[in-house]
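Student: Here it is: the structure, laid out below.
The values are calculated or read from the model by the stated rules, or taken from the named source; none is laboratory data. Keep in mind that what you see is a predicted model, and the values were worked out from it rather than measured. With ideal geometry, Cβ positions are generated from the backbone for all residues, glycine too; neighbour counts draw on all protein chains shown. Please note that ligands, DNA and RNA were not included when accessible areas were found on the heavy atoms of the full protein model with its side chains. Shrake-Rupley method; radii C 1.70, N 1.55, O 1.52, S 1.80 Å.
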Amino acid sequence: MSEKVVAIYCFLDDFFLETNHPRSTKPQAKPKVTDSIVLTTAIISARFFGGNQASAMLYMADKQGVLMLEKSAFNRRLHRLAHTLSVLFYYLADFFKALNVSSQYLIDSFPVSVCDNIRISRSRLVKGEEYRGKIASKRRFFFGYRVQVVTTSTKQPVQFFILPGSYADITALQMMHLHLPAGSEVFGDAAYTDYEQEELYADCEQISLQIQRKSNSHRADPIWIAAYKKMRRQAIEQAFSQVKLRFPQKIHAVTEAGFLIKLVLFLLAYALESNLYHTT
């Protein structure tokens, strides 16, 4: 674990140097705690401590000998770095896309609950029916967000899109924009069926949406193509099972912004693990 923490810190420090990011968001010449340390602590909280940032801060102070901020100061600094988290994710995404010689990608979604169904009426983070979604495979409802994630064929994440839980996959596909190289193939399940979107991406972006067809589809695939899409669908399930394993049963947060930051941290931790360990 210690070696992984050091690797994450070195990667972040190099990233800040390459992007000319200031050593700290605070206007001081020699900050006691740099942004590299703050983000390292936040990321390892998602990777090793189930999102518990207090435990990660204690680990960094006791085991790594790092001077650490107070909890409130740490949270304020992390919120100021929220945009940097997304920039870092897509910095890694460009690297993964460059390595993806197959030009094949997978798209799927998974739900993230804000609270148990019995506590919906008392939820303080988010309110409204738009956050009530349905998990079709489990035949149950949830209250929270639905996260759309695009990965390479080797399960490395390259894009994410977060929407309230009531938004269906096809609606999310219509709202988001796939930032993929021309000539890419994107495999998804039947929930992403939209013939107009498929034609638009093929004509305007040279991206082929290889979506599984429903049994009553007007554009049914030949048997061999249907079998190939089914095989790729199995890879999607394997990739997203690994992504979802990183998430705890409940993400603790006081504000909606804090919840979304933790959500991005879990995705970023998975992306960093793919970069630092899978490619070595």
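Student: Looking at the stretch 122-138 only, could you name the residues that are open to solvent by 30 Å² or more (accessible area, probe 1.4 Å) and either out of contact with any Phe, Trp or Tyr (no Cβ under 8 Å at 6 or more places or on another chain) or assigned to a strand (DSSP E or B) (or both)?
Tutor: The answer is ARG122, ARG124, LYS127, GLY128, GLU129, ARG132, LYS134, ALA136, SER137, LYS138.
Student: Return only the number of the condition from (1) crowded, with 19+ Cβ neighbours inside 10 Å; (2) touching a residue at least 40 places away in the same chain (Cβ under 8 Å) that THR193 does not satisfy.
Tutor: (2)
Student: From the residues in the stretch 139-175 that are out of contact with any Asp or Glu (no Cβ under 7 Å at 6 or more places or on another chain), open to solvent by less than 10 Å² (accessible area, probe 1.4 Å) and not in a strand (DSSP E or B), which one is nearest to SER215 (Cα to Cα)?
Tutor: ALA172
Student: Right, here's the next one. In the stretch 125-162, which residues are hydrophobic (A, V, I, L, M, F, W, C), in contact with a Pro (Cβ under 9 Å, 6 or more places away or on another chain) and either over 18 Å from LYS250 (Cβ atoms) or without any contact (Cβ under 8 Å) to a residue 12 or more places away in the chain (or both)?
Tutor: If the condition is that a residue be hydrophobic (A, V, I, L, M, F, W, C), in contact with a Pro (Cβ under 9 Å, 6 or more places away or on another chain) and either over 18 Å from LYS250 (Cβ atoms) or without any contact (Cβ under 8 Å) to a residue 12 or more places away in the chain (or both), then VAL149, VAL150 are the ones that fit.
Student: Then there's this: Residues of the stretch 190-231 being under 18 Å from LEU180 (Cα atoms) and part of a helix (DSSP H, G or I), which ones?
Tutor: If the condition is that a residue be under 18 Å from LEU180 (Cα atoms) and part of a helix (DSSP H, G or I), then TYR192, GLN197, GLU198, GLU199, LEU200, TYR201, ALA202, ASP203, CYS204, GLU205 are the ones that fit.
Student: Hey, among GLY165, GLY183, which residue is at positive phi and either of a type in the set (Gly, Ala, Ser) or in contact (Cβ under 8 Å) with a residue 40 or more places away in the chain (or both)?
Tutor: On inspection, the qualifying residue turns out to be GLY183.
Student: Then there's this: Surrounded by fewer than 19 Cβ atoms within 10 Å (Cβ to Cβ) and under 15 Å from the mean Cα position of the chain (by Cα): is that true of LEU178 in this structure?
Tutor: Answer is yes for this residue.
Student: Return the pairs, sorted by first residue and then second, in which the second residue is outside any helix (DSSP H, G or I) and among the small types (Gly, Ala, Ser), the first residue lies in the stretch 212-235 and is within 14 Å of GLN104 (Cα to Cα), the beta carbons are less than 6 Å apart, and the residues are 6+ apart or on different chains.
Tutor: none
Student: Going through ARG47, ARG76, ARG119 one at a time, which residue ends up being in a helix (DSSP H, G or I), open to solvent by 20 Å² or more (accessible area, probe 1.4 Å), among the basic types (Lys, Arg) and touching a strand residue (DSSP E or B) at 6+ places or on another chain (Cβ under 9 Å)?
Tutor: Result of the check over ARG47, ARG76, ARG119: ARG119.
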